[in-house]
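Data first, discussion second: the structure below is written as structure tokens.
The values are calculated or read from the model by the stated rules, or taken from the named source; none is laboratory data. In this text, all values refer to a predicted model and were calculated from it rather than measured experimentally. Positions of Cβ are generated from backbone atoms using ideal geometry, with glycine treated the same way; all protein chains shown enter the neighbour counts. The area values use the complete protein model at the heavy-atom level, side chains included, leaving out ligands, DNA and RNA. Shrake-Rupley method; radii C 1.70, N 1.55, O 1.52, S 1.80 Å.
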Amino acid sequence: MISIDPKQNSERENYKLLIGTVIPRPIAFVTTQSEDGILNGAPFSYFNIVSSNPPMVSLSIQRPAGRLKDTARNIYNNHQFVVHIVDDENVGKINQTAASLPRAESEIELANLTPIPSKNIAVPGVLEAKVRMECKLVQAIPLGAEEPGSDLFIGEIVQFHIDESIYQEGRIDPRALNAVSRLAGANYATIGEIFEIERPE
């Protein structure tokens, strides 16, 4: 077995180890709004559940060259964001939103996604997702030493929006949702085989 000290690695080398081993990763497509009213959208795979009581999710956004991304800046400014689950039907359009655009341009328009008003927050979501979650910021934590390398956001879900086609008696049908997960490089994965293992008593 190869043993590696992360302190002897570059940031890029550690990044490759993490994204190649922590797989598959769920993808959050996140919409935020700038102070000028520009609707921003971007996908992130440093994302997961934090709590169900209250329902909360985590989102970590890297700082390339120490600079805040638009999504992080917008969350810091207005404390609101919408998380959408990326699936096999919307992944193509959502991939387009990963393009680097000037702050005054909207990735939502670039990808021909359809804005839809939220119920409990000011930030709109997009119609093309089977699941969207309106979130209010609970905590923001810059991570790193003197120069933070990322920002960890914890958001409380204040409203769920679930497509009827995937909702059955309070549960989500994983095959109907067909969420897409992130691997490394340009690789993605769908749900694939589903199997059961009973948990011990």
Checklist entry - Can you name the residue in the range 109-119 that is open to solvent by 70 Å² or more (accessible area, probe 1.4 Å) and of a type outside the set (Asp, Glu) and, of all such residues, is farthest from Asp70 (Cα to Cα)? => result Lys119
Checklist entry - What number of residues within the range 99-113 are within 29 Å of Leu183 (Cβ to Cβ) and in contact with a helix residue (DSSP H, G or I) (Cβ under 8 Å, 6 or more places away or on another chain)? => result 7
Checklist entry - When you scan the range 95-108, how many residues do you find that are open to solvent by less than 50 Å² (accessible area, probe 1.4 Å) and acidic (Asp, Glu)? => result 1
Checklist outcome for this item: Within the range 125-176, restricting to residues that are open to solvent by 80 Å² or more (accessible area, probe 1.4 Å) and either under 14 Å from the mean Cα position of the chain (by Cα) or of a type in the set (S, T, N, Q) (or both), the one that is modelled with the lowest pLDDT is Gln168
Checklist outcome for this item: Picking from Ser150, Ser165, Ser181, the residue that is in contact with a Gly (Cβ under 9 Å, 6 or more places away or on another chain), of a type in the set (S, T, N, Q) and within 30 Å of Ile116 (Cα to Cα) would be Ser150
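From the set of residues in the range 32-69 that are among the aromatic types (Phe, Trp, Tyr) and assigned to a strand (DSSP E or B), which is farthest from Leu101 (Cα to Cα)? If you could, list the steps in order and put the result at the bottom.
Let us first name the residues in the range 32-69 that are among the aromatic types (Phe, Trp, Tyr), namely 44, 46-47.
If we keep only those that are assigned to a strand (DSSP E or B) too, we end up with 44, 47.
Values: Phe44: 16, Phe47: 22 Å.
The qualifying residue farthest from Leu101 (Cα to Cα) is Phe47.
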Checklist entry - Restricting the first residue to the range 1-18 and requiring it to be more than 18 Å from Gly144 (Cβ to Cβ), which pairs with a second residue that is of a type in the set (A, V, I, L, M, F, W, C) and surrounded by 10 or more Cβ atoms within 10 Å (Cβ to Cβ) meet a Cβ separation below 9 Å and a spacing of at least six or different chains? => result Ile4/Leu17; Lys16/Ala184
Checklist entry - Of these, Ala99, Ala72, Ala104, which one is more than 18 Å from Gly125 (Cβ to Cβ) and modelled with pLDDT of 95 or more? => result Ala72
